[in-house]
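Q: Take this structure first; my questions come after.
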Amino acid sequence: AKSQGRNRYQFFTEDMSERTHERMQMEQGLRRAIESDALEVHYQPQLRLSDRQRVGVEALVRWPHPDLGMVAPARFIPVAEESGIIEALGLWVLRRACRDIVGLPDCDGRQMRLAVNVSVRQFLRDDFVTQVLEVLTETGFPAEALELEITESTVQVIERSAGILDALKRLGVSISIDDFGTGYSSLSVLRGLPIDRIKIDRSFVLDLTENDDARAMIDAMLALGRSLRMKTIAEGIELAEQADLLTRLGCDEGQGYLFARPMPLADLRLSLTRR
Ligand code: C2E
Ligand code: CA
Ligand code: CA
Ligand code: CA
């Protein structure tokens with residue numbers, strides 16, 4: 001609290017308008033950053049757990065702000081979602097990431113798989129599938145190597161999602177359910193959908209080695225993946241013990257600080273030539 005002498009009501013309203021002002025500035029700044037290509041995309045490797053080889057990367061947006069420094073997505077993605085800016089931002093990230101990653105090899109010398117986050121508002125656009133197709137055509141990125149990460153709530157909220165997912169599948173793009181286990185998707189929702197991968201949320205990985213419940217949950221999600229013939233990936237792996245246990249439990253892939261942090265394209269390129 002700044003000024004303890006003031007009464008609470010005054011403090012509260014002042015705080016509110018300050019926040020509104022801050023938010024408007026952030027929206028404006030974001031719009032400008034998109035228009036002037038001032039955002040950045042960092043890439044975090046995704047590894048096959050059996051041999052710890054790199055099979056893909058996830059694109060994660062960054063906002064280098066002139067006054068605020070590097071602004072974390074946790075601060076501006078919610079603002080972008082509420083204001084609708086996420087639609088332009090998401091398209092910008094998709095285009096930039098496809099352009100950046102096209103031609104880069106995975107551990108087997110094939111096109112590196114690229115995972116891009118898609119927010120519900122983007123997904124809901126009538127022209128979303130067309131936008132994806134346009135970006136693929138324009139960048140030459142092979143559809144087979146593109147994976148879109150959508151959240152459990154996106155799958156659920158939208159009755160139309162099945163049709164959109166089918167259209168994306170026809171393009172050859174694959175779909176992953178992000179933050180899996182944190183939403184409320186019933187098995188019946190997942191069953192009928194063309195989903196390629198489930199991405200086990202970091203919160204389960206965090207408790208994995210200390211908490212039997214977390215382990216049971218992960219076991220259940222892996223079993224679900226197997227029975228629905230979906231691949232599995234765990235995010236937020238920070239400890240060797242977590243990676244080893246996930247490998248033993250049969251999780252296909254992993255991502256986390258243990259293996260690599262999200263990095264700028266230049267560092268990703270360097271790490272590829274050094275292998
Ligand atoms: P997410 O999609 O669940 O992405 C994973 C987040 O976990 C990233 O945070 C990543 O840097 C972080 N992370 C990776 N490994 C570890 C680890 O071992 N430990 C810990 N503690 N964290 C780890 P980041 O980059 O700050 O992004 C946060 C969220 O912002 C993302 O969560 C995603 O929901 C959203 N986001 C980021 N980029 C985009 C984007 O281009 N579009 C949309 N719609 N959302 C995005
Ligand atoms: Ca993600
Ligand atoms: Ca996630
Ligand atoms: Ca998460």
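The rows are residues; the columns are (1) without any contact (Cβ under 8 Å) to a residue 60 or more places away in the chain; (2) farther than 22 Å from Glu235 by Cα.
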site: Val55; (1), (2): no, no
site: Ala80; (1), (2): yes, yes
site: Ile85; (1), (2): yes, yes
site: Leu89; (1), (2): yes, yes
site: Met112; (1), (2): yes, no
site: Ala115; (1), (2): no, no
site: Val129; (1), (2): yes, yes
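Q: When only residues in the range 159-198 that are outside any strand (DSSP E or B) and β-branched (Val, Ile, Thr) count, which is modelled with the lowest pLDDT?
A: Val189
Q: How many residues does the range 194-221 contain that are more than 13 Å from ligand 3 (Cβ to nearest atom) and buried (at least 18 other Cβ atoms within 10 Å of the Cβ)?
A: The number of residues fulfilling the criteria is 5.
Q: More than 16 Å from ligand 4 (Cβ to nearest atom), under 17 Å from Ile101 (Cα atoms) and of a type in the set (Asp, Glu) - does that describe any residue in the range 38-46?
A: yes
Q: Still on this model: Just checking, does the range 107-124 include any residue being of a type in the set (Asp, Glu) and at pLDDT 95 or above?
A: No, there is no match, as no residue in the range 107-124 is of a type in the set (Asp, Glu) and at pLDDT 95 or above.
Q: Suppose we filter Leu258, Leu190, Leu245, Leu224 for residues that are open to solvent by 50 Å² or more (accessible area, probe 1.4 Å) and more than 16 Å from ligand 2 (Cβ to nearest atom); which single one remains?
A: The conditions single out Leu258.
Q: Name the residue, out of Leu91, Leu104, that is closer than 16 Å to Leu148 by Cβ and away from ligand 2 (no atom under 16 Å from the Cβ).
A: Leu91
Q: Given the condition open to solvent by less than 50 Å² (accessible area, probe 1.4 Å) and either modelled with pLDDT under 95 or hydroxyl-bearing (Ser, Thr, Tyr) (or both), answer yes or no: does some residue in the range 84-104 qualify?
A: no
The values are calculated or read from the model by the stated rules, or taken from the named source; none is laboratory data. Since this is a predicted model, take the numbers as computed values, not measurements. When we count neighbours, we look across all protein chains shown, and the Cβ atoms used for this are built from the backbone with ideal geometry, even at glycine. What goes into the accessible areas is simple: the full protein's heavy atoms, side chains included, and nothing from ligands, DNA or RNA. Shrake-Rupley method; radii C 1.70, N 1.55, O 1.52, S 1.80 Å.
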